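Following: one structure in structure tokens, then a few remarks.
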Amino acid sequence: MSTEADTTPTARAGRQLPAWLEGLLGQMVALVIAIIGGGIIVMLVGEDPILVFTTLLRGAFGSSERIAGSLLQATPIIIAGVAACIALRGGLFNIGVEGQLYMGGFAAAFVGFQFALPAGLHMVVALAAAVVAGGLWILIPAFFRARFGTNEVVSTILSNYVAILLTSYLTIDVFKRPGGWSETAPIATTAYLPQLFDFSRLNFGLFIGLALAVGFHLFLTRTSTGYEMNTMGSNMKFAEYGGIPVRRNILIVLLCSGAVGGLAGGVETLGVHHRFMEGFAPGFGFDGVIAALLANGSPIGVIFTAIFFGALRAGSLLMEVETNASREVITVFQAFIILCVSAQVLLRRRRDSNQGERRWRF
Amino acid sequence: MKANIRNLAAGTAMLGAMTAGISAASADTLKVAAISGYFSQGFGIAIVNGLKKAEQDFDVEVKIVDTGNRALDYEEQFNNIAKDGEYDLVFVMGWELVDALQKSNAAYPDQKFIFIDGILESETMTYIDFVEEEGSYLVGALTSMLTEQGVEGFDSGSQVGFIGGRDIPVIRNFLMGYEQGVDEQSDGVSVSSVFSGTFDDPAKGSELAMTLYGQGVDVIYQAAGPTGEGVLQAAKVADKYAVGVDIDQCPTAPGHILASMLKRADVAVYDVIKGEVDGSAPVTAGPVSYGVAAGGIELKVCDDVADMIPEDVMTKLEEVRAGIADGSISVTLNQ
């Protein structure tokens, strides 16, 4: 009986790890569980898990081309991840990154093929159009959240469908390139984001993503507005009592989040596809949201989670060709990680709560 | 064969590793890859069936790569396949892959790519080209003979219908073959044709079909992709008939689909592999036509309506088919 005393909450609190170490340890445990779970799935389809995982690694990091491929996949996830982070740190959810990405992608392509401007300037204008389109796309959910307190999770999710279908309509019916697949005319070369190497489509967009993440991190930690936003994010009621104009800030935070989401689409259009096609980047917006949640809303953390996701995607392409495991194994793998991490978040909240063992709601 | 071995081995890593050893190809094995995003749909399933059959009959190893729907991945996927020159033949299906295919074709000129159901600009690739006008001629012959004779269910008037997707050359080919079949195989029957302007709108297809049925048309041949699904559904609602296209669409509205004009991708794929394996027709650049003669195009009369078609119509239809196959009936595109 007395040996069980060790497991009581008070005893555990005595040897609590520093938060960062605990977080890192948690991610590692999640990774190990995912590897074991993924390995079992791979075995069930009759493939050698060691071979599958080494192929996955080789596909992601095997050569400079492959590393560039991983970063290419990670670029839109980083930017979309920062977009989601902005909302998260302001205590809000933007699940509409996917839709903002589509709108931004289309807006950038439109400026790219419709206007003739000098090189460089053309690119900047096209990116600006993407930012504006993303911001406009979240305007309605943001306004209703700020003015009437409408749940922004629902309204932003729903705005995704409208964006995807609207851009499909614009692509297939209004701006379709004659004789082609469902895509617009190609954009002018003056609007291209410069490629970094000649052996990969990896482009300047990666630096835009990194700069956004670092910039947002500095904003949160070094400016008083950033502090205000943090306060709002951790406790909105407290922030309101403290005299922070919460309603106005909700609108601004969501607009910024949407604008960055739009930028993710613009970078994808100008850097990689050089035109807009129907369903051009399915899932990147959602991947960004997941990357942000896994990083616990830290923009620096998003860089790593996004690169991890990008590497998984790039590696899975080789894995599918060289082994008998389907690319979808990666989706299972990601799901394991998401389950593990969200379980940890729940457990931690329960431990940290001051309402004792019975508190299950949060 | 290989799939069976694998099923037995499922569950244990050690056996999994062993099958990897068993299926390791010998030097003579023809290695074939197929890449597309549609392997779970009608036309893609036909391709997989053709590949599976070739795998059983010949010393062939098949790798199927599903592209998914993320455009960013396509180029990488083509490069992964073509990079080591591991595959002797690579079948490609899907217009959204064309860009990545062309880049990969330029980067790996020795890789033999076979594009299914279309012809692109590059002269170094092989194209499987289905002669849709021949099949459409057969459809025209069947529908117009039924209408001419006033067979029960086809006795409302002297017109047969056609609903196309967008008004583009390939769909025009369907219409021209159809009209020629109607003209040559019957008297006093004419075609009432309409283009829906879209391939993605079943509701519009349905609406147009109802209009045609309302004008006394008893049977409509559709070449309109998903829009055509609406035409098939309308046939059921209006208690009339429609003709399916590309794949066997008889089960879509049983009893109301007269026939399906099949593009036999399985036959074409199998045939290409066979030619390469036994050396009778090694794969070379340029288009390869699969029409009625080669078995690449086929008119399948739906089983559940076969009883109501008079014997003499079936006999005549078979004569027409034989005529197209031996060249005595030539289907032309410049009427």
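When B:V170, B:V194, B:V182 are checked against the criterion of being in a helix (DSSP H, G or I), among the β-branched types (V, I, T) and over 21 Å from the mean Cα position of the chain (by Cα), a single residue qualifies: B:V182.
Being more than 13 Å from chain B (Cβ to nearest Cβ) and closer than 23 Å to B:N79 by Cβ is a property that A:F308 has. Considering (1) modelled with pLDDT under 95; (2) surrounded by 24 or more Cβ atoms within 10 Å (Cβ to Cβ); (3) closer than 27 Å to B:D307 by Cβ, the lone condition that B:A268 does not fulfil carries the number (3).
Taken together, the residues in the range B:245-265 that are outside any helix (DSSP H, G or I) and either crowded, with 24+ Cβ neighbours inside 10 Å or not charged (D, E, K, R) (or both) amount to 14. Contact map, the range A:258-283: residues that are in contact (Cβ under 8 Å) with a residue 24 or more places away in the chain and at the interface with another protein chain (Cβ under 10 Å from one of its Cβ atoms) paired with residues that are of a type in the set (D, E) and crowded, with 24+ Cβ neighbours inside 10 Å, Cβ distance under 6 Å, separation 6+ or inter-chain. Pairs shown: A:A281/A:E268. The lone criterion from (1) more than 14 Å from every other protein chain (Cβ to nearest Cβ); (2) among the polar types (S, T, N, Q); (3) buried (at least 18 other Cβ atoms within 10 Å of the Cβ) left unmet by A:T223 is number (3). Scanning the range A:40-49 for residues that are within 8 Å of chain B (Cβ to nearest Cβ) and part of a helix (DSSP H, G or I) yields a count of 3.
Could you tell me whether B:I163 is without any contact (Cβ under 8 Å) to a residue 60 or more places away in the chain and either within 25 Å of B:K204 (Cβ to Cβ) or touching a Ser or Thr at 6+ places or on another chain (Cβ under 8 Å) (or both)? Here the answer is no, as B:I163 does not meet what is asked. When the range A:291-305 is limited to residues that are outside any loop (DSSP other than H, G, I, E, B) and surrounded by 23 or more Cβ atoms within 10 Å (Cβ to Cβ), the one that is nearest to the other protein chains (Cβ to nearest Cβ) turns out to be A:A291. Here's a check for you: in the range B:66-90, which residue that is outside any helix (DSSP H, G or I) and touching a Ser or Thr at 6+ places or on another chain (Cβ under 8 Å) is nearest to B:S40 (Cα to Cα)? Out of the qualifying residues, it is B:D66. Only a single item in (1) farther than 26 Å from A:Q73 by Cα; (2) hydrophobic (A, V, I, L, M, F, W, C); (3) part of a helix (DSSP H, G or I) is not met by A:I244, and it is number (3). How many residues are in contact (Cβ under 8 Å) with a residue 40 or more places away in the chain, over 14 Å from the mean Cα position of the chain (by Cα) and part of a loop (DSSP other than H, G, I, E, B) when one looks only at the range A:63-95? So the count comes out to 3. What about B:L72, is it farther than 30 Å from A:L270 by Cβ, modelled with pLDDT under 90 and within 13 Å of another protein chain (Cβ to nearest Cβ)? For B:L72, the condition - farther than 30 Å from A:L270 by Cβ, modelled with pLDDT under 90 and within 13 Å of another protein chain (Cβ to nearest Cβ) - is not met. Test B:A238 against the stated conditions and say whether it is free of Cβ contacts under 8 Å to residues at least 24 places away in the same chain, closer than 24 Å to B:G197 by Cβ and surrounded by fewer than 24 Cβ atoms within 10 Å (Cβ to Cβ). Taking the combined requirement at face value, the residue does not satisfy it. Among the residues of the range B:97-116, those that are touching a strand residue (DSSP E or B) at 6+ places or on another chain (Cβ under 6 Å) and either touching a residue at least 40 places away in the same chain (Cβ under 8 Å) or more than 14 Å from every other protein chain (Cβ to nearest Cβ) (or both) comprise B:N105, B:K112, B:F113, B:I114, B:I116. Given the condition of a type in the set (G, A, S), within 30 Å of A:K176 (Cβ to Cβ) and assigned by TED's automatic domain parsing to the domain that holds B:D312, answer yes or no: does some residue in the range B:169-177 qualify? Scanning the range B:169-177 turns up at least one residue that is of a type in the set (G, A, S), within 30 Å of A:K176 (Cβ to Cβ) and assigned by TED's automatic domain parsing to the domain that holds B:D312.
The values are calculated or read from the model by the stated rules, or taken from the named source; none is laboratory data. No experiment lies behind these values; they were computed from the predicted model shown. When we count neighbours, we look across all protein chains shown, and the Cβ atoms used for this are built from the backbone with ideal geometry, even at glycine.
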